[in-house]
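Trainee: Below is the structure I would like to discuss, written out as structure tokens.
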Amino acid sequence: MPATHDYSIAVLSIEALAPQGIEGSVAKPGRSAYQGGDRIWQKVRHTEVVEVAVIGYTGASARPRNLAVRLPNGRTALSQRLGAVLANAAAPALSAAGLPLRPC
């Protein structure tokens, strides 16, 4: 994978690789060595946005762990695990949407 310091070139590279099945790229300081468990390197993934209906959640009401969603094809699935920021934002949104604050 070629390296660049130019943000716009990096974005174009990731977008060009997506149709080939490449999941994303890694952003890191130029000369940094990989250290497992360290958060200096960050994976940058391209995303596919899909509108879903949230039908429930797992975990505690104050901090849901996953969202239960109904996909456009009618299947149900669990989202990836929610980090602290998303979980804290999701709890009041679930309540405002009329979903009961109890595990499903």
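Trainee: Are there any pairs with C-beta distances below 9 angstrom linking a residue in segment 39-62 that is outside the structural domain of Gly21 (by TED's automatic domain parsing) to a residue that is of a type in the set (Phe, Trp, Tyr) and surrounded by 10 or more Cβ atoms within 10 Å (Cβ to Cβ), with the two at least 6 apart or on different chains, and if so which?
Mentor: none
Trainee: Within segment 23-35, does at least one residue satisfy the condition of being among the β-branched types (Val, Ile, Thr) and touching a Leu at 6+ places or on another chain (Cβ under 6 Å)? Write out each step before concluding.
Mentor: In the first step, residues of segment 23-35 are kept if they are among the β-branched types (Val, Ile, Thr); the result is 26.
Subset that is touching a Leu at 6+ places or on another chain (Cβ under 6 Å): none.
Scanning segment 23-35, I find no residue that is among the β-branched types (Val, Ile, Thr) and touching a Leu at 6+ places or on another chain (Cβ under 6 Å), so the answer is no.
A quick yes/no check of all residues on (1) modelled with pLDDT of 80 or more; (2) loosely packed, with under 10 Cβ neighbours inside 10 Å; (3) under 27 Å from Ser79 (Cα atoms):
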{"site": "Ala3", "(1), (2), (3)": "yes, no, no"}
{"site": "Ala16", "(1), (2), (3)": "yes, no, yes"}
{"site": "Pro19", "(1), (2), (3)": "yes, yes, yes"}
{"site": "Glu23", "(1), (2), (3)": "no, no, yes"}
{"site": "Ala27", "(1), (2), (3)": "yes, no, yes"}
{"site": "Gly36", "(1), (2), (3)": "no, yes, yes"}
{"site": "Arg39", "(1), (2), (3)": "no, yes, yes"}
{"site": "Lys43", "(1), (2), (3)": "no, no, yes"}
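The values are calculated or read from the model by the stated rules, or taken from the named source; none is laboratory data. Small disclaimer: the values here were computed from a predicted structure and weren't measured. We place every Cβ from the backbone using ideal geometry, glycine too, and count neighbours over all the protein chains shown.
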